[in-house]
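Notes follow once the structure below has been shown.
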Amino acid sequence: MRAGLLLATALIGVCGWAQAFDYSGTKNLVAVTRDGARTAIGRVDFIPRPEGGAGFKVSVDPAVMRDHFLSMREFKCLPAEPEITCFVPYPYAGPTRVKPGEFAWLEHHLLFFFKQPRDYGAKLWNGMVFKLREEGSALVGEPQAIDLNRLGVPPERPDEPLYGPADRDDFAPGVRWVVQIRIEKS
């Protein structure tokens, strides 16, 4: 039995039978919360490019991500009793490309901040970016802390991602209400 399992695992690796993420078409953008609930909050459209990889466009669903007027600006937010999570569109021109192992620009289009329901205004220092990785046929992102106030100044190099590894900090597991973002087939 064990030898059969090892052979099947080896064949999957050698023959490419394992399902990999498909960088084409429309995929659901799903928020997974601490209680295990999965909520489709939008979509990501992937367009394959001839030079490799894909272009992408992120959009949130206004029926799920509700309007919140915070700090003189409208945000699309996922309301919840423990924590409100708000989407922040990346405001600068930059490459919208992604390919296996290179997710920085897609991560920059998945910026959010969190706040307590009782708090007034946007708390941009409570920013989140989701560090993506391939997991079978999905892209899975874990939240990392960033300061979204940096978005107030255009980057010196618009062709380089604003938030590099040194600008991010991991959260303790389960401390945020949205514990994971998934990009997956519907």
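Derivation of every value follows stated rules applied to the coordinates shown; laboratory data play no part. What you see is a predicted model, and the numbers here were worked out from it, not measured in a lab. Because the Cβ atoms are built from the backbone with ideal geometry, glycine has one as well, and the counts that use them run over all protein chains shown.
Subtracting the Cα-Cα distance of A37 and D147 from 0.36 nm times their residue separation leaves 36.9 nm of extension gain. Once the GluC sites (Glu not before Pro) in DSSP loops with at most 10 neighbouring Cβ atoms within 10 Å are cut out of the chain, the longest remaining piece is 52-155. Between E134 and F171, the modelled label-to-label distance comes to 2.7 nm, taking each label 7 Å out from Cα in the direction of the beta carbon. Kirkwood hydrodynamic radius of the chain, from the reciprocal of the average inverse Cα-Cα distance over all distinct pairs: 17.7 Å. What is the total of Lys pairs in the chain with C-alpha atoms under 27 Å apart, excluding same-chain pairs fewer than 8 positions apart? Lysine pairs meeting both conditions in the chain amount to 21.
Sites listed here are chymotrypsin sites (Phe, Trp or Tyr not before Pro) in segment 26-96 whose DSSP assignment is loop and whose Cβ has at most 12 other Cβ atoms within 10 Å: Y92.
Net length available on complete extension from I47 to R118 is 21.5 nm, with 0.36 nm assigned per residue and the Cα-Cα distance removed. Full extension of the chain between T26 and D61 yields a length gain of 11.2 nm, computed as 0.36 nm times the residue separation minus the alpha carbon distance.
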